[in-house]
Structure formats: C-alpha cells, structure tokens
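Report on the structure given below.
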Amino acid sequence: MEKVKLLVATTNKGKLKEIVRILAPLGFEVVKPPHKLEVEETGETFLENAYLKAKAYYEEFGLPSLADDSGLVIEALGGYPGVYSSRFYSLEIGGRESPEPTESEANIRKVLRLMEGEENRRAKFVAFVVLYWEDKGLMAQGECEGEILKEKRGEKGFGYDPIFKPSGMDRSMAELEPEEKDKLSHRGRALRRLASLIEPLSSRLP
Ligand code: ITT
C-alpha cells in the first residue's frame with residue numbers, strides 16, 4: 001500500500017523532529033512545508049489553534065496538513081502558560097522576561113520565578129493534533145502528567161522539557177532518550193491516536 005503523505009504544519013523545529021520521528025515508523029510520508037507560514041493563533045483553546053494552523057497550511061500548500069497545538073498546564077498557576085506556552089515570557093500577566101538568551105530560556109525563567117516557594121508542583125503537557133484536507137478534519141488529543149522541578153535538568157528535547165518531570169520517572173523530560181519521551185509524551189499519545197483514525201480513511205486521502 002502507498003504511504004499516506006502528510007505535510008507538517010509547524011514552524012517549531014523541536015516539534016517537527018518529534019512528529020517525523022513518531023509518524024515515519026507508522027508508515028506515513030511526512031513532508032516539511034516548502035516555506036514558512038505564519039498563522040495567527042487567535043483561538044482560545046489548543047483545539048481551535050491546531051485547526052486554524054492545519055487549515056491554513058492546507059489552503060497554502062494543497063496537501064493534507066497536520067498541526068499540533070500544545071503547551072504546559074500548571075495547576076498552581078491556574079492553567080498558565082497553557083495556550084500561551086510559546087510566548088509566556090512576553091505576557092504582562094506574571095511579569096515580562098526578556099527573550100535572552102532564547103525565548104525557551106525566558107519561558108522557563110518565568111515559570112521557575114512564579115513557582116518559587118509553591119508546594120503544589122502538579123502540571124501536565126497537553127497536545128491537540130488536527131489533520132485537515134479538503135473540507136475534512138480529524139483530531140486527537142494526548143496528555144502527559146507530571147510536576148515542575150525546582151531547577152533545570154537535562155539537555156535533550158525542547159521548550160519546557162528541562163523543568164518537567166513526568167509522573168513515575170526519576171528524570172526530567174530533557175533527560176529522557178527520544179524513544180522514552182515519545183512513548184509517554186502528550187505528542188506521542190495524540191499522534192498514535194490520530195494515526196489509528198487515519199488508517200481506515202487512508203484510501204480517501206489524496
Ligand atoms: P507552531 O505553532 O508553528 O507549531 P509553536 O512553538 O508556536 O509552533 P504552539 O503554539 O503549539 O507551537 O506552542 C507550543 C509551546 O509549548 C512550545 O513552543 C513549547 O514552549 C511548549 N511545548 C509543547 N510541547 C512541548 C514539549 O514536548 N516539550 C517542551 N515544551 C513543549
């Protein structure tokens with residue numbers, strides 16, 4: 001059977017690498033966009049934003065497009081950074097941080113500052129993935145529960161990985177090997193669920 005070809009609707013290199021790593025062994029041909037596309041994420045939920053991105057890429061490039069909208073949800077911060085995860089450092093709420101040396105570092109600094117002295121460290125990573133083509137959409141969701149560490153640990157992964165420890169592990173997400181992260185991550189769970197929804201429809205995809 002021919003491989004299903006999907007375009008990955010993301011500008012985030014860390015995500016892109018993980019999406020290819022998770023979907024390629026499941027029999028998908030995962031292609032990168034020919035050029036960058038900025039999509040305004042005006043939705044109030046992960047699902048709305050994933051849908052907006054997948055649809056915009058489909059309309060621009062004409063291939064079934066897969067978007068991931070994800071983030072870190074921290075109980076003691078009322079769910080923040082949530083849908084604002086990628087630009088939490090620049091939000092007025094909680095105080096701004098300068099994007100130095102990187103935006104990811106600034107996001108981590110802000111979370112550690114806001115969580116100083118907080119005993120409730122419970123948090124989860126959430127991912128909503130949407131595949132869009134013609135006027136159709138499929139979606140799936142995945143979560144990974146854990147806690148916010150008091151300092152950074154590890155160099156692997158991306159984003160908030162160094163300050164997040166998945167439940168039941170004694171290492172941070174940034175200390176896990178890529179296959180270990182994919183097995184328990186929000187993105188791994190969401191993408192495996194989406195893959196099982198695509199399979200029965202694959203003959204109807206272009
Ligand atoms: P695209 O919209 O182009 O895909 P983005 O980075 O803006 O890229 P999101 O709006 O979905 O994507 O923001 C997700 C942010 O959540 C991401 O920038 C990280 O800060 C964080 N995040 C998501 N998944 C993560 C993971 O597996 N490990 C660490 N941080 C993660």
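Please arrange R121, R187, R109 by accessible surface area, largest first, computed with a 1.4 Å probe and ligands excluded.
Final ranking, largest accessible area leading: R109, R121, R187.
Starting from the amide H of Y80, placed 1.01 Å from N in the peptide plane, find each other amide H under 5 Å away whose residue is 5 or more places distant or on another chain.
Answer set, sorted by chain and number: I74.
List the relative contact order of the chain as a percent without decimals, with contacts defined as Cα pairs under 8 Å and 6+ residues apart. Walk me through the numbers on the way to the answer.
Working: 396 pairs, mean separation 38.1, N = 206.
Reported as a whole number, the value is 18 percent.
Between 0 and 90 degrees, rounded to the nearest ten: what's the tilt of helix 13-23 against the longest Cα principal axis of the chain?
50 degrees
How far, in nm, would the chain grow between L112 and E44 when pulled straight, counting 0.36 nm per residue and subtracting the alpha carbon separation? Can you show the working numbers first?
On the way: separation 68, 0.36 × 68 = 24.48 nm, distance 2.44 nm.
Gain on extension, L112 to E44, equals 22.0 nm.
Pull up all non-local amide H partners of L149: gap of 5 or more, or a different chain, and H-to-H distance under 5 Å with H placed in the peptide plane.
F164, K165
In the structure shown, do any of K13/K124; K124/K181; K53/K181 have a Cα-Cα gap over 18 Å, and if so which?
On the way: K13/K124 21 Å; K124/K181 14 Å; K53/K181 24 Å.
Distance filter (> 18 Å) returns K13/K124; K53/K181.
In whole angstrom, how far apart do the alpha carbon centroids of region 145-206 and region 65-123 sit?
18 Å
Through the Karplus equation 6.51 cos²θ - 1.76 cosθ + 1.60, θ set to phi - 60°, convert the phi angles of region 93-106 into ³J(HN,Hα) values in whole Hz; use x for Gly and Pro.
For region 93-106, the Karplus-derived couplings read 4, x, x, 7, 10, 6, x, 10, x, 9, 5, 4, 4, 5 Hz, x marking Gly and Pro.
Mind checking the angle between helix 186-198 and the chain's longest principal axis? C-alpha axes, 0 to 90 degrees, to the nearest 10.
20 degrees
Percent of Cα-Cα pairs per 10 Å bin, from 0 to the last occupied bin, for the chain, please list those.
9, 36, 35, 17, 4, 0
What dipole magnitude, in Debye to the nearest 20, does region 15-69 give about its Cα centre under +1 on Lys/Arg Cβ and -1 on Asp/Glu Cβ?
Value, rounded to 20: 360 debye.
Report the full-extension gain for the segment K32 to E119: residue separation times 0.36 nm, less the Cα-Cα distance, to one decimal in nm.
27.1 nm
If I model a spin label as a point 7 Å beyond the Cα along the Cα-Cβ vector, how far apart are those points for K150 and S167 in nm?
In this crude label model, K150 to S167 measures out at 2.3 nm.
Rank P101, L72, Y132 by how far each Cα sits towards the positive end of the charge dipole of the chain (+1 on Lys, Arg Cβ; -1 on Asp, Glu Cβ) and give me just the farthest.
Farthest along the dipole direction, towards plus: Y132.
Would you work out the relative contact order for region 161-206, in percent, from Cα pairs under 8 angstrom that are 6 or more residues apart? Display every interim value, and only then the final one.
On the way: 23 pairs, mean separation 9.0, N = 46.
After rounding, I find 20 percent.
Let me cross-check F164: its accessible surface, 1.4 Å probe, with only protein heavy atoms counted, in Å² to the nearest 10?
The value for F164 is about 0 Å².
In the chain, with Lys and Arg counted as +1 and Asp and Glu as -1 at Cβ, which of these residues, G27, L63, A195, has the Cα nearest the positive end of the dipole, that is, farthest along it?
G27
Top mean-square fluctuation among M173, M139, M115, Gaussian network model of the chain, C-alpha springs under 10 Å?
M115
Please report, in debye to the nearest 20, how large the charge dipole of the chain is about its Cα centre when each Lys and Arg carries +1 at its beta carbon and each Asp and Glu carries -1 there.
Charge dipole, the chain, about its Cα centre: 440 debye, nearest 20.
I'd like the orientation of helix 46-61 relative to the chain: the angle between its Cα long axis and the longest Cα principal axis, in ° from 0 to 90, rounded to 10.
It is inclined by approximately 40 degrees.
The values are calculated or read from the model by the stated rules, or taken from the named source; none is laboratory data. What you see is a predicted model; the values in this text were computed from it and never measured. Note that we place each Cβ from the backbone using ideal geometry, even for glycine, and neighbour counts take in every protein chain shown. Note: accessible area is taken over every heavy atom of the protein model, side chains too, but ligands, DNA and RNA are not part of it. Shrake-Rupley method; radii C 1.70, N 1.55, O 1.52, S 1.80 Å.
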